[in-house]
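The structure under discussion appears below in the form of structure tokens.
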Amino acid sequence: GAVVSQHPSWVICKSGTSVKIECRSLDFQATTMFWYRQFPKQSLMLMATSNEGSKATYEQGVEKDKFLINHASLTLSTLTVTSAHPEDSSFYICSPIGGQETQYFGPGTRLLVL
Amino acid sequence: QKEVEQNSGPLSVPEGAIASLNCTYSDRGSQSFFWYRQYSGKSPELIMSIYSNGDKEDGRFTAQLNKASQYVSLLIRDSQPSDSATYLCAAYTSGTYKYIFGTGTRLKVLA
């Protein structure tokens, strides 16, 4: 399977700060990146889809100005949670796709906003 | 709204038994189906993919697909306590380039 890394794996921050999450595809080139969010005991919720070099497409209800996605290269995408609040506390998971249909996931980043 | 439906469970089976997990999907255009296992606090890991009608076996796991009934299942033979997790079913439609996930079925294998 594909090797995907995410950093950081855990982050705790104060309300109002911004948090950047990095997702790297280590053994393939990711032309597309999916970003998911998962609240406790709930399923994955797709937040946005981005293609390398172009703007991300956000799902309904996801604020594009709050969740900034950059997919500048074929191996790196970042999600920045701007002015984070306690309700943004969640498990954020990336999933890079590089031409195959099978979807592999990063290990996830757990965000806790105090 | 295209959907993938799963029973949330928990499904409890004794160790050594066969666990049967089911999933239905609403988009007839879906062509690829995936089963993921997710342990608490971890991200999903791929168990199996299936693309054509029938059965596909991989070790203790068998995926079954019936496109006419829009039904996908996963059988786990000789269930082990380590199989206890949430199992997510996903359907992929190339036209929409989207993966639709079910809410997952929680499996408990009792020692």
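For the reader, a short list of remarks on this structure follows.
- In sequence order, calculated HN-Hα J values of region A:36-53 (Karplus, 6.51, -1.76, 1.60; Hz; x Gly/Pro): 10, 10, 9, 8, x, 6, 10, 7, 5, 10, 5, 9, 6, 10, 10, 10, 3, x
- Reach of A:Lys20 by Cα under 23 Å, taken over lysines that are not fewer than 8 positions away in the same chain: A:Lys55, A:Lys64, A:Lys66, B:Lys42
- Within 10 Å of the Cβ of each residue in B:8-19, the mean number of Cβ atoms contributed by other protein chains is 0.
- Averaged over the residues of peptide B:36-46, the number of Cβ atoms from other protein chains lying within 10 Å of each residue's Cβ is 5.
- Region B:33-111: C-alpha gyration tensor shape, a/c 1.5 cut-off, then a/b vs b/c: oblate
- Long-range amide H partners of A:Ala30 with built H, under 5 Å: A:Thr75
- When only Cα pairs below 8 angstrom with a gap of at least 6 residues are kept, region A:55-94 shows a relative contact order of 29 percent.
- Karplus-derived 3J(HN,Hα) values for region B:66-76, using 6.51 cos²θ - 1.76 cosθ + 1.60 with θ = phi - 60°, are 10, 5, 5, 8, 6, 9, 10, 9, 9, 10, 10 Hz; glycine and proline are entered as x.
- Inter-label distance, nm, simple model (7 Å from Cα along the C-beta direction), A:Leu114/B:Asp55: 5.5 nm
- Couplings 3J(HN,Hα) for region A:12-21, derived from phi with the Karplus relation 6.51 cos²θ - 1.76 cosθ + 1.60 (θ = phi - 60°), are 10, 9, 7, 4, x, 8, 9, 10, 10, 10 Hz, where x marks Gly and Pro.
- Distance from region B:10-83 to region A:5-39 (C-alpha centre basis), Å: 27 Å
- Cross-link partners for B:Lys56 among the lysines, with Cα-Cα distance under 22 Å and sequence neighbours closer than 8 places in the same chain left out: B:Lys67.
- With contacts taken as Cα pairs under 8 Å and at least 6 residues apart, chain A reaches a relative contact order of 37 percent.
Values in this text are rule-based calculations from the coordinates and carry no lab data. Predicted model only: the values in this text are computed from it and were never measured. Cβ coordinates were reconstructed from backbone atoms using ideal geometry, including for glycine residues, and neighbour counts include every protein chain displayed.
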